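What follows draws every value from the coordinates through simple rules; no lab data is involved. Note that the structure is a prediction, hence the values are computed from the model and not measured. Every residue, glycine as well, gets a Cβ built from its backbone with ideal geometry; the counts of neighbours run over all protein chains shown.
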Amino acid sequence: MTRSFRTSCCGLAVVCALFVAPWVQGADETDLDALRDAIVESRERVGGHEREERALLQQLEESDRLSAILTEQVARAREAARESRDRAAQFERERLRASQRLEQTREAMSRRVVALYKAGEVGPVRFLFASRTVPEMLTRASALQTLVRYDAELVDRHRIELAVFERLEHEARLAAKVRDEKANELQTRSAELVAERRLRRNLLVRVRDDRTQERALLVELEKAARALEETIEALGDAPDGVAGSADGQGFGERRGRLAAPLSARIQLPFGKVVDAEFQTAVFRKGVEFEAVGGESVRAVAPGVVRFAGWFRGYGRLVIVDQGDDYFTVLGHLADIFVDVGNAVEAGDMLGSVGDTGSLSGPSLYFEIRKGSDPLDPGEWLAPDHAVASQQ
């Protein structure tokens, strides 16, 4: 094992431990419990060479799990930042309106002060006693009372509007502070996610540059494939009602007419594949669709979900029991939208495209099995897609 690769492994462990601590309380408890256990174990071994000898797929899976939690953290931080920006903008608009109302009241008060100053202290008395008749005096007295009430209302309005303005100004400052904090949090979480993904990419680059590690990774992938076969075999008999569907067709009768789990080109075909550089041969038991991260992944036929979760070598994985001992397997998912035991129909959403467990970026791994025997998906997909996959 090369020194650079050992250094990379240790670096990945340390960064995993450091990145988790600040935000661990906000993540999903099930994922976090498993992640905490992994971190404790990693810390115990980080000082020795055992850490350096860990399986490559285990390192990649830990990185994938951490990236998945960080992605959720980034999404929540982005939403919180958006809400705080909207709230700050709302308070600022209200503050400006209150400021305008307060300024109008102040202008009105200024005009009254000027008028009272010009009239002088005896101005109201002269105005009242300048009346020629009693009715005129009563009218002028009523006008003076109206002015007094108006002045009192101006003073009260100014006091109330000033209090409202000061409150809104205070809330606007607080909202702006929260906005900045949320923006900083989003920036921090995003930087952590970028750093984690960079570590993962660097690890893969070092693996590909090291022939020994490349071969070791192929061995681990073969072990992962065998583990998947054993998992499918251990699922047991199909639940009642899986074998058929509303149109009375079993899965076997859909050969050559299955809709693809998503609309994308098949970039890695089924069957034997020989690495051009290392001349190592592997048998790919499914196909990989070249897809965009986040794209919807759908069920190809009616069935029941028998597995939904993390699986080493495949990332987030869903296994659908299609009945009659047929299974479909969908891996490298970013998100899973179904639970074990859920009945699904053709076209129902199972998850979204991701790069968990993938060595080549976002893609969808898709298998069809009859028991433990892998079948070529190209022979089962509808002709229109089979043609598109060869373009």
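Put simply, the C-alpha atoms of region 322-372 give a gyration tensor, and the ellipsoid matching it has half-axes of 21, 15, 8 Å, longest first. Expressed as a fraction of 2.2 N^0.38 Å, the C-alpha radius of gyration for region 114-161 is 1.35. By the beta-carbon count within 10 Å of each Cβ, the least crowded to most crowded order of ILE368, ILE266, fewest first, is ILE266, ILE368. With neighbour counts taken as other beta-carbon atoms within 10 Å, the residues THR356, THR231 rank, fewest first, as THR231, THR356. When the Cα convex hull of region 288-391 is projected onto planes of every orientation, the mean area is 6.3 nm². Coordinate range of the alpha-carbon atoms in region 100-221 per principal axis, descending: 116, 23, 14 Å.
Summing Cβ point charges (Lys, Arg +1; Asp, Glu -1) relative to the Cα centre of region 325-378 gives a dipole of roughly 100 debye. Placing unit charges on each Cβ (+1 for Lys and Arg, -1 for Asp and Glu) gives region 291-391 a dipole about its Cα centre, and among ALA299, GLY313, SER372 the Cα reaching farthest toward its positive end belongs to GLY313.
By the count of other C-beta atoms within 10 Å, a proxy for reagent exposure, TYR326, TYR314 are ordered fewest to most as TYR326, TYR314.
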